[in-house]
């Protein structure tokens, strides 16, 4: 078993003291901590410098309906650049500050995304950026889930306008067409999302005793559809 660096030991200790009481769990022995909400994950990462010991802070959110086999920062905030480790006395307060900042930001993320409707509103307010295919795709899925067919169609149209220069992009566009085909059927969209989230949780080996499916009930109707707007 590889030895743990002094910086990693101090970061882990600070994170256990500040993040574990909030319900976050460390991913193995890595510097990644997870805030599991069933349908989305809060992510806290303490990246180390490339050529030395130390630590920084990146936080974010991942939407699990993507059905990925790896973690992805769909919402990403790099809060601190990496600080070098010199000795325990110097780095211990650095690790403590990082853990406290991470805790505060995770509490803010929890307030920001209490349900799919809040996530849909957040994503709908973001500009469409060419070359960032998953951003409008996620916004389209969220909008379809909460019954906002106008935004769903708009964001999926942006997905389909992109040139699929990589194999994974074909898959993203295929699923965009799939959801577009059921966008007026809230039950079908809900079932599709539930199946994708369950598959993603299995692929990421996420274990929780709390069911996540009920959070999707009653979402349609929070937003107006394109017919109601016309």
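The values are calculated or read from the model by the stated rules, or taken from the named source; none is laboratory data. Please read all numbers here as calculations on a predicted model, not as lab measurements. Heads up, the Cβs are rebuilt from the backbone with ideal geometry, glycines too, and the neighbour counts pull from every protein chain shown.
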Subset of the range 179-192 [closer than 19 Å to residue 39 by Cβ and part of a helix (DSSP H, G or I)]: 179, 186, 187, 188, 189, 190, 191, 192
Would you point out the residue of the range 21-64, among those that are at pLDDT 95 or above and closer than 14 Å to residue 96 by Cβ, that is surrounded by the most Cβ atoms within 10 Å (Cβ to Cβ)? 46
Is the range 138-158 home to any residue that is free of Cβ contacts under 8 Å to residues at least 40 places away in the same chain, loosely packed, with under 15 Cβ neighbours inside 10 Å and either touching a strand residue (DSSP E or B) at 6+ places or on another chain (Cβ under 9 Å) or outside the structural domain of residue 33 (by TED's automatic domain parsing) (or both)? yes
In the list 207, 179, which residue meets the criterion of being buried (at least 16 other Cβ atoms within 10 Å of the Cβ), on the phi < 0 side of the Ramachandran plot and either out of contact with any helix residue (DSSP H, G or I) (no Cβ under 7 Å at 6 or more places or on another chain) or at pLDDT 95 or above (or both)? 179
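Yes/no per residue for (1) surrounded by fewer than 21 Cβ atoms within 10 Å (Cβ to Cβ); (2) in a helix (DSSP H, G or I):
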residue	(1), (2)
76	yes, no
93	yes, yes
102	no, yes
111	yes, yes
121	yes, yes
126	yes, no
132	yes, no
Say we look at the range 9-20 and pick out the residues that are without any contact (Cβ under 8 Å) to a residue 60 or more places away in the chain and surrounded by fewer than 19 Cβ atoms within 10 Å (Cβ to Cβ); which of these is nearest to residue 86 (Cα to Cα)? 9
Of the residues in the range 127-146, those that are under 23 Å from residue 35 (Cβ atoms) and more than 15 Å from the chain's Cα centre (by Cα) come to 145, 146
Please work out which residue is nearest to residue 200 (Cα to Cα), limiting yourself to the range 21-45 and to residues that are part of a loop (DSSP other than H, G, I, E, B) and more than 16 Å from the chain's Cα centre (by Cα). 28
